[in-house]
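The values are calculated or read from the model by the stated rules, or taken from the named source; none is laboratory data. Small disclaimer: the values here were computed from a predicted structure and weren't measured. Ideal geometry is used to build each Cβ from the backbone, glycine not excepted, and the neighbour counts take in all protein chains shown. Remember, those area values only see protein heavy atoms, side chains included, never the ligands or the DNA or RNA. Shrake-Rupley method; radii C 1.70, N 1.55, O 1.52, S 1.80 Å.
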Amino acid sequence: MKLIMLGAPGAGKGTQAKRLAAKYSIPHISTGDIFRANIKNETELGKKAKSFMDQGLLVPDELVLELVADRLSQEDAMKGFVLDGFPRTIPQAESLTETLEKINSGINFAIDVDVPDKNIVRRMSGRRACVNCGETYHLTNLKPKQDGICDTCGSKLVLRSDDEPETVLKRLKVYHDQTQPLIDYYKGRDTLHSVDGTKDIKDIFSEIVEILGE
Ligand code: ADP
Ligand code: AMP
């Protein structure tokens, strides 16, 4: 099963993608996580990506496309994957379509997690991410067992610098300008399904599983 998650920053794509990856035994591929790992490891790619991410801008397509094509060519992605945070522009979507067509394949489902802008800033200011493994929590909606500590690896939880309200507003604008057009792109390919992202995490998950029908 080949899935992509669409939606504004903070809509809950990662939260659902992790659960879907576990249920269907497919890799969860988050370009944001890949960039953050590169920043942590101080790679050349990380240095280049950081300057865009800090400003709430998209990393240029040329830095993203090869990275994703490379990741999708790995053995574990052959039977399926859930892509989270990619594609984010029409050229990225076209490149993904071409990459998959080369192996006679394509995206089965594009899931749009729909959350109005007014909910996003509040939600993002409560998101906390692990400095070590990147696992995400929420101050009120998805609390760790111990305040400020990651359940998975025991490291510290922090507010991501790009989750500060000012940067979130910029990211939302970028989303509407550059990423939202993908909804029509996937509608046109008969793969788009929208879910109400303001519901409970569990209810959204059940709704997506029903859409996937397996
Ligand atoms: P995205 O990957 O789309 O940027 P996340 O999955 O990281 O978003 O979710 C953003 C924040 O909102 C996180 O702190 C997460 O715990 C919380 N969250 C995710 N889904 C919901 C939901 N359905 N209701 C309330 N809070 C949610
Ligand atoms: P995310 O964790 O998905 O919210 O991504 C965090 C940041 O990483 C984004 O605000 C972008 O700067 C960058 N990023 C992640 N994925 C992409 C992508 N597909 N194209 C461009 N930039 C991306």
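Here is how the numbers come out for the structure above:
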item	result
Residues located in region 169-192, provided they are open to solvent by 50 Å² or more (accessible area, probe 1.4 Å), within 16 Å of ligand 1 (Cβ to nearest atom) and out of contact with any Leu (no Cβ under 9 Å at 6 or more places or on another chain)	Leu169, Lys173, His176
Verdict on Glu42 being in a helix (DSSP H, G or I) and open to solvent by 10 Å² or more (accessible area, probe 1.4 Å)	no
Matching residues, region 104-159, being within 14 Å of ligand 1 (Cβ to nearest atom), assigned to a strand (DSSP E or B) and charged (D, E, K, R)	Asp112, Asp114, Arg127, Arg128
Odd one out for Lys143, checked against (1) out of contact with any helix residue (DSSP H, G or I) (no Cβ under 8 Å at 6 or more places or on another chain); (2) at pLDDT below 95	(2)
Single unsatisfied condition, Gly56 versus (1) assigned to a loop (DSSP other than H, G, I, E, B); (2) more than 16 Å from ligand 1 (Cβ to nearest atom); (3) closer than 23 Å to Asp163 by Cβ	(2)
Criterion violated by Gly32 - all others in (1) in contact (Cβ under 8 Å) with a residue 60 or more places away in the chain; (2) in contact with an Asp or Glu (Cβ under 9 Å, 6 or more places away or on another chain); (3) within 23 Å of Tyr137 (Cβ to Cβ); (4) not aliphatic (A, V, I, L, M) satisfied	(1)
